[in-house]
Amino acid sequence: MPDIYRDEDVILEVRKLKKYFPIHKGLLRRVVGHVKAVDGVDLFVRSGETLGVVGESGCGKTTLGRCIIRLLEPTEGEVLYRSRHDGIIDLAPMTMQELKPYRREIQMIFQDPFSSLNSRMTVEEIVSEPLVVNDIGTPEERRETVAALLENVGLSRAYLDRYPHEFSGGQRQRIGIARALSVKPRVIICDEPVSALDVSVQAQVINLLEELQEKYDFTYIFIAHDLSVIEHISDRVAVLYLGKVVELADVGGLFDQPLHPYTEALLAAIPSPNPDIKLNRELLLTGNVPSPANPPSGCPFHTRCHYRVQRCVDEVPELSLAEGTTDHFVACHRYQELELKPAAKHELFMDQVG
Ligand code: SF4
């Protein structure tokens, strides 16, 4: 896997990252186990690209994003970041005080624009809060900055003194984006930023994120469960299952030549508006994701995999570079012998929404 110390294009690298939540029981609240939400994730992000992170709900996507930005404390592992002024640093063990200068450089856009904005604050207060926290500008300068940010995300400066309840979902997400932009970040973690929005509004917000990336050269980590959105926006994709990356590849390679059976099953489930394209039911996932408090032995996907053999039950497959590729990583014992089906050719996300 590319190494942030040797590859200057890599801006962020996550190594063996774990986040375990303790399970307490009884009056004494003894720890009787752990929910392994993120269980040894390795991935890297290149500067200026969009890394899509995809998987079913409960696979650890949101927890991973929150550990990277340190809204959650990682249990183990490294979050290596190429900072603007201090070279490569590990964010994982830092105290909140040590993190403060780097918090500005990595921001997050949240999933639910209805609950992520404080309803008692005006738009100006919401968007300028990160500037106040970081002691940037005078009140007058901050008001002007916020007005310019609103215009940048397609909102009028006349909205400065309004409250979140006066806006639609799409407009609220634009306010959330303006807030994230206020401190001039380099990396933005977008946690399902369009999943709570109507499909037509989703396209507008995605367009806006792409325009902003082109203008400011942002690096995005884009977390989503919708593969057609992921296909549209990502340069590379990490597929997560039970807190582990099972496949990591450029978007074309992943959709046209998946190497992991879980990816194949996710691709088979993409609905197509074209009635001639039928879902391949044999490949669809059956059963639920096993509990992350009690993950299966060996390959975490073995309980649902159509291609399972005894080795899959006994041995954990490591994420490693697939033979004959330069940038396609997979964690499957059998990837070389399986001929997995690519995604059906379907209209791209933007074509679907018009
Ligand atoms: Fe399926 Fe085995 Fe590959 Fe896991 S290692 S995905 S169980 S074939």
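The values are calculated or read from the model by the stated rules, or taken from the named source; none is laboratory data. Predicted model only: the values in this text are computed from it and were never measured. FYI the Cβ positions are ideal-geometry reconstructions off the backbone, even for glycines, and counts take in every protein chain you see.
How many residues does the stretch 143-163 hold that are in contact (Cβ under 8 Å) with a residue 40 or more places away in the chain and under 20 Å from S119 (Cβ atoms)?
Going through the stretch 143-163 one residue at a time, the tally reaches 3.
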* To do: Check E140, E125 and return the single one that is exposed (fewer than 13 other Cβ atoms within 10 Å of the Cβ) and free of Cβ contacts under 8 Å to residues at least 12 places away in the same chain.
  => E140
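Determine, yes or no, whether L64 is out of contact with any helix residue (DSSP H, G or I) (no Cβ under 8 Å at 6 or more places or on another chain) and either in a helix (DSSP H, G or I) or crowded, with 16+ Cβ neighbours inside 10 Å (or both).
yes
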* **Test: residue in the stretch 309-323 that is surrounded by 19 or more Cβ atoms within 10 Å (Cβ to Cβ), over 30 Å from V199 (Cβ atoms), more than 10 Å from the ligand (Cβ to nearest atom) and at pLDDT 95 or above** => yes
* Asked: Are there any pairs, at least 6 apart or on different chains, whose C-beta atoms fall under 6 Å, with the first in the stretch 3-14 and within 14 Å of I89 (Cβ to Cβ) and the second surrounded by 13 or more Cβ atoms within 10 Å (Cβ to Cβ) and of a type in the set (D, E, K, R), and if so, which?
  -> I4/E13; V10/R46; I11/R82
* To do: Among the residues of the stretch 297-308, write down those that are over 18 Å from L340 (Cα atoms) and either away from the ligand (no atom under 14 Å from the Cβ) or free of Cβ contacts under 8 Å to residues at least 12 places away in the same chain (or both).
  => none
* To do: Please state which one of K16, K100, K25 is in contact with an Asp or Glu (Cβ under 7 Å, 6 or more places away or on another chain), among the charged types (D, E, K, R) and surrounded by fewer than 18 Cβ atoms within 10 Å (Cβ to Cβ).
  => K16
* Given (1) assigned to a strand (DSSP E or B); (2) out of contact with any Asp or Glu (no Cβ under 8 Å at 6 or more places or on another chain), where does I223 come up short, assuming only one miss? -> (2)
* Matching residues, the stretch 150-177, being over 19 Å from the mean Cα position of the chain (by Cα) and under 16 Å from M108 (Cα atoms) -> V153, R172, I175
